[in-house]
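Each reported figure results from applying straightforward, stated rules to the coordinates on display, with no laboratory input. Everything numeric in this text was worked out from a predicted model, so none of it was measured. As a convention, Cβ positions derive from the backbone with ideal geometry for all residues, glycine included, and neighbour counts pool all protein chains shown.
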Amino acid sequence: MAEKIKQALIDIVGENNYTDSLIDMVSYSYDASEYSQRPSCAVWVETVEHVSDILKLANREHVPVVPRGAGTGLTGTATPLNEAIVLDMSRMNEIIKISIEDRLVIVQPGVVYADLEKALAQYGFFFPPDPASGTVCTLGGNVSTNAGGVKGAKYGTTRDYVLGLQVVIPDGRIMRTGSRTMKSVSGYDLTKLFVGSEGTLGVVTEITLKINPKTTAATTSMATFDNLEDAGRAVSQIMYSGIIPSVLEILGHDTIMAINRNTDLDLPEVDAILLAETDGYTTAETDFQMEKIIEVFKKNNAGKIKRAESEEEASDLWAARKSAYAVLSRIKTHVVLEDVTVPMTKIADLLKGIKAISEKHNIIIATYGHAGDGNLHPQFVYDGYDPKQVKSKEAASAELFQLTIDLGGTLTGEHGIGLQKAPFMTLEHDPAAMDVMRGIKRLLDPNNILNPGKMALDE
Amino acid sequence: MNKMEAKYDFERKYREQVLQCSRCGFCQAVCPVFGSTLRPALNARGKMLLLKEVMDGKIQLDDELIESLFQCTTCASCFENCPSGVNVPDIIKQVRKDMVSIGTCHPAFKGMNEVLKRHTNIYAEDDAEDFGREKNRKAEIVYFVGCVGLYREEESTEATLDLLDRLNVDYTLIDEVCCSGVLEDVGFEINEELARKNIELVFATGAKTLITGCPYCSRTFNNKPQYAELREKGVNVLHISQFLKDFDMGVKTDKKVTYHDPCDLGRHCGIYEEPREIIRKIAPNFVEMAHHHADSLCCGAGGGVRGAYAKNSLAMARRRLQEAEEIDAEVVLTECNSCIHNLSNAKLRRQKFEVYNITRFINELMENK
Amino acid sequence: MQIQNYNMPDELYYEENHFWIRDDGDFLVMGMDDFAQVMAGEIVYVQLPDEGKRLNTGKKFAKIESGKWLGKAFAPVNGELVGVNEELEENPGLINDDCYGKGWMYKIKPDDKGELDNLIKGQEAVEKWLLADIEKYAEE
């Protein structure tokens, strides 16, 4: 880091909040994706003024800045390119205000999801989008990628709950978007623009979130399918049941085998398993809902259908689902997790197509995911040190994205584009759309200093 | 990449595991060093990233890495929660040995190794308390105090011994020396001379049981090959909570009491219930903190961190005590002098709860009866 | 007064275990002297007993720790502990930064200020005492 810029940063945040030591630089090179690059330095910011002053400095000196929360993103959104300054937001971690009567909570971006959950639970409330990394991820990161979670089918994603933001835009100006009201259509919806913008349009420094009262009862059940397509059809037909389950997850064959190898859950080794949850305020209500869903399972050739008899049984089933990523990553040296999303009617086709791609390229693509909103998680498992397998993986990925687009789907339901899917943006977005996106980026960040090189915005 | 010759033992032994780290970052939820500093470089993932880069030849294993690789309490919370099953503490311990062998090490630990060559304890103190009791008698049981109990928490040790006396336990103290188990965790090896001394002293008493209040010492005696002879000759090593759990203490308190699981007793030895059994008998108003049993928060003292990174160590202890505050505990109990030392140092003046070893607490109840 | 590299202000009284005492009229203020804080290294913990604690001359009333050393604070006079420097609870390093100022430790109400005469004071006495201790510690 050039000495004068280092000094300028220290002048803004103080010596104790600046680092360029090797151990920090290595850590900040990585998030949870397969990408890494050394930043030039990192700063811990504590106030919105810090952020504003740093972005002004970055513009003056043409030095890139990459904001970062917990670094658990899967697509390289937080990977610092071009010797960027990493802006570690995790010390801005205050829950500023909980207002049950206004049905909202105001948080700083560094608040960890689990800490927010704990604070809201005291009031019998929760923030529904529940990413799997909830014990460690930060709300700033959730906003940056429009994080989803298993409850997405019924409760939506982060974007559905962000009422307003305080953002520092790349020229250093501090701006508010949205409001603290339940609804507003005043001016352009800038809030929705920033949510999911992956730190390329501004640095979020305060978030106002709508919250929901917690339900108190739930019914969980599991259904096995000897035929993947039956499972897929069951998922899309659930819409006819009149019930929207709070959770609807699918586990594919490879995933089931891996879970069984690594736990003593002893799941039936079928083509697919569906896990469903219905929620409400009385068990009578949730059981009633589950009955409707079970009917759909039966109509679609479900083999075994089992309702969880106790909370413990239910939590065992969910633990199985949650362990999928980890147990699959123990098989070979490398994993890459995708999150392609298709209309619910196309789930069966997507599953079939993935199977074909996997066989064609001779690479393990285990599937599981949020069947309830069409968001599958095909997980590529391969030996990353074998150049042949790396090539297979790349070819298979490309075919997967093409298949997804052909089915009317989208490259990513909740992880974001980052670096991982940037090469495929033009598969999904037409030239006009790409032009508009790049235009917006240029408007807000003419010097391209904020998280450059992501989302194919540079080309 | 994996055609490169493994340069270090940690790579020979743990390469697969280091590669298994999928960088998910879930360890950030439980690592006490990360929790109290919010510095990713000090988190378990941060350490694995450094080691991956060492293995790939991108960086060197040298002084620059000390601040991360020697700042780990080896509490194993990360391992307990790692979806990929990476045994970070075991890897770290081996890495430290590799670093020492190439001449790079935290000065506090190098110092500790040197001290134990010339002194009987890690503090280089020469005057051990004798607690007014005869040492090296013939007895059924040897009570082994441990360095922290002898030189930093004498009041607590005195109370534990008083309790044993009240219970008419036939025990003797010995002219003990440091079990030196800690050296294995900070890059060195158990001091064979010291181990030998302890073994001889124990045999000389004729005791068939060794009890200690120090979970670390009990682990060392039970697991390390240098103490195998103890086990071979039929000496049974117990932590004092295991020994006392069936005693009827005959005292009670209605104070709101909680229990802190020491990492070395809980996660490392699986001893969670024995201390609780003792407590429940004397304190019916027993409440768990938010993190307990295998999820217990590390007090921050272990793995040499209290000696080498005292400020951060105390910050970790403070974080643990906040959980006691959150449940309005009046008394925080544990049975480990190292935890007692760190927790009581970290306790703020405005925090009105008290921190005790179970044995001392019981002794006080008996005294006040 | 500077003795070798150590700063030992003239107007203070010194207790032989290397604590300074300042006469503030009704109260005495006590802290660690420069020699002690250098020898100890970074102070990580200072015990701050409750106000009202009874102090007996020569008896220890608090513990102090650095990374490598456990020290004790000894009562310089008979009296009562009436105040402590609460900043030291989370910032014990103040003793190293400014041992005579921000790093002050205890405030004492003495029974009899005459006891101050038993402490070390004055350039000649302080110099003699400090040089002897410097030599003693150099040998160890």
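Values for this structure:
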read-out	value
B:Lys255/C:Val82 FRET efficiency (R0 25 Å; Cβ-Cβ; nearest 0.05)	0.25
Helix B:9-20 vs. chain B, principal-axis angle (Cα, 0 to 90°, nearest 10)	80
Straight-distance crosslink candidates among aspartates and glutamates, where the alpha carbon sits under 18 Å from A:Lys441 and sequence neighbours closer than 8 are dropped	A:Asp171, A:Asp189, A:Glu198, A:Asp430, A:Asp458, A:Glu459
10 Å Cβ neighbours from other chains, averaged over peptide A:326-333	4
Efficiency of FRET from Cβ geometry, A:Asp406 and A:Arg261, R₀ 35 Å, rounded to 0.05	0.55
Most mobile of B:Cys299, B:Cys217, B:Cys82 in a GNM of chain B (Cα contacts under 10 Å)	B:Cys82
Within segment A:312-396, chymotrypsin sites (Phe, Trp or Tyr not before Pro) in DSSP loop having at most 14 other beta-carbon neighbours inside 10 Å	A:Tyr385
Three-way shape label, chain B, alpha-carbon gyration tensor, a/c 1.5	oblate
Overall form of segment B:20-78 per C-alpha gyration tensor (a/c, 1.5; a/b vs b/c)	oblate
Estimated FRET transfer efficiency when R0 is 60 angstrom, pair C:Leu70-A:Asp102 (beta carbons, to 0.05)	0.65
Dipole in debye (nearest 20) - the protein assembly as shown, about Cα centre, beta carbon charges: Lys, Arg +1; Asp, Glu -1	2440
Restricting segment A:236-286 to GluC sites (Glu not before Pro) in coil, as DSSP defines it, with at most 12 other Cβ within 10 Å	A:Glu269
Value of relative contact order over chain C, rounded to a whole percent, pairs C-alpha under 8 Å and six or more apart	26
Neighbour-count order for A:Met89, C:Met39, C:Met30, fewest beta carbons within 10 angstrom listed first	C:Met39, C:Met30, A:Met89
Tilt relative to chain A, helix A:347-361 - C-alpha long axis, 0 to 90 degrees, to 10	80
Long-range amide H partners of C:Ile3 with built H, under 5 Å	C:Met8
Inter-label distance, nm, simple model (7 Å from Cα along the C-beta direction), A:Glu312/C:Phe27	5.9
Angle between chain A longest axis and helix A:48-61 axis [Cα atoms, degrees, rounded to 10]	70
Residue with peak Gaussian network fluctuation, chain B [Cα springs, cutoff 10 Å], from B:Pro89, B:Pro262, B:Pro225	B:Pro225
Whichever lysines have a C-alpha closer than 23 Å to that of C:Lys63, once near sequence neighbours (fewer than 8 apart) are set aside	B:Lys311, B:Lys347, B:Lys352, C:Lys53, C:Lys72, C:Lys102, C:Lys107, C:Lys109, C:Lys136
GNM top mover of B:Glu288, B:Glu134, B:Glu155 - chain B, alpha-carbon springs below 10 Å	B:Glu134
Computed [θ] at 222 nm, helices only, for chain B once each DSSP H run of length n ≥ 4 contributes -39500 (n - 2.57)	-13000 deg cm²/dmol
Cα gyration tensor shape of chain C, rounded if a/c is under 1.5, else prolate or oblate by comparing a/b with b/c	oblate
Quotient of C-alpha Rg and 2.2 N^0.38 Å, computed over segment A:81-169	1.11
Computed [θ] at 222 nm, helices only, for chain C once each DSSP H run of length n ≥ 4 contributes -39500 (n - 2.57)	-6000 deg cm²/dmol
Restraint check, A:Lys151/A:Lys352; B:Lys13/B:Lys93; A:Lys6/A:Lys56; A:Lys393/B:Lys47, Cα-Cα greater than 19 Å	A:Lys151/A:Lys352; A:Lys393/B:Lys47
Inter-part distance where segment A:199-235 and segment A:387-421 are each reduced to a Cα centre, Å	22
Segment C:77-136: relative contact order as a whole-number percent, Cα under 8 Å and 6+ apart	37
As computed over segment A:3-88, the Cα convex hull volume per residue (Å³)	86
Packing-based ranking, highest mean first, of C:114-120, B:30-36, B:98-104 given that Cβ atoms within 10 Å are counted	B:30-36, B:98-104, C:114-120
Antiparallel DSSP beta bridges within the protein assembly as shown, as percent of all bridges there, nearest 5	75
Spacing of the two label points (7 Å from each Cα toward its C-beta) at A:Asp20 and A:Ala432, in nm	4.8
Modelled label reach - A:Ala119, point 7 Å along Cα→Cβ, segment A:58-95 residues with backbone N closer than 11 Å	A:93-95
Peptide-level mean, for A:27-33, of C-beta atoms on other protein chains within 10 Å	5
Straight-distance crosslink candidates among lysines, where the alpha carbon sits under 16 Å from B:Lys135 and sequence neighbours closer than 8 are dropped	B:Lys197
Computed over segment B:257-367: relative contact order in percent, which uses C-alpha pairs under 8 Å that are six or more apart	29
Over chain A: helical MRE at 222 nm, DSSP H runs n ≥ 4 each giving -39500 (n - 2.57), nearest 500	-10500 deg cm²/dmol
